[in-house]
Amino acid sequence: MFQKITLLALVLAFVSCQKKESTEKDKIKIADWLIGNWENKSDNGVLTENWEKVNDSTFSATSYFIKSKDTLHFEKITLSQHGEMLMYSATVNGQNNDKAIDFPSTTETANKLVFENPSHDYPQKITYTKGANNTLTAEISGNLQGKVTKEKFVMTKK
């Protein structure tokens, strides 16, 4: 009888550990809608974000803004899962000694992801919203030189 109880306890412990591990890795799946090539064309230029899945816990993207033939902005983005938290890390060419700035997630829903870093100079908040008709809205906001600022970019999936 004691052996059966011990065996049952071991099986339950093993199963519960397996469930927790798979649940933790599943959190990033809520952001699957980011994957793909996104573009915003305007008179000011073309903003492009290209998202891809690296593995079960990491997505990566490149984001760039081109006007005529000049690249005015280029950044590398990593979205990764650490335990129960998603982390958005952005590396912008020519800023912060080319080191990544981390923005932990504060909101994760089926249609919206919000990342915040109140100690960063600008932006302090990054929001991605899944829209209708294959659209994605990226918004950066925060305090810029003492002024509340918000920039919104509506992109279409290519």
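Rule-based calculations on the coordinates, nothing more; no lab input. Quantities reported herein were computed from a predicted structural model and do not represent experimental measurements. Note that we place each Cβ from the backbone using ideal geometry, even for glycine, and neighbour counts take in every protein chain shown.
I'm a student and want to see the number: the projected area of the Cα convex hull of region 77-124, averaged over all directions, in nm².
About 3.7 nm², averaged over all directions.
Which semi-axis lengths, in whole Å and largest first, follow from the square roots of five times the eigenvalues of the Cα gyration tensor of region 95-151?
22, 13, 11
Using the Kirkwood formula over every pair of different C-alpha atoms, what hydrodynamic radius in Å results for region 62-158?
When all Cα pairs of region 62-158 are included, the Kirkwood radius is 14.5 Å.
How large is the dipole of region 70-158 about the Cα centre if only Lys and Arg carry +1 and Asp and Glu carry -1, each at its Cβ, rounded to the nearest 20 debye?
The dipole magnitude comes to about 340 debye.
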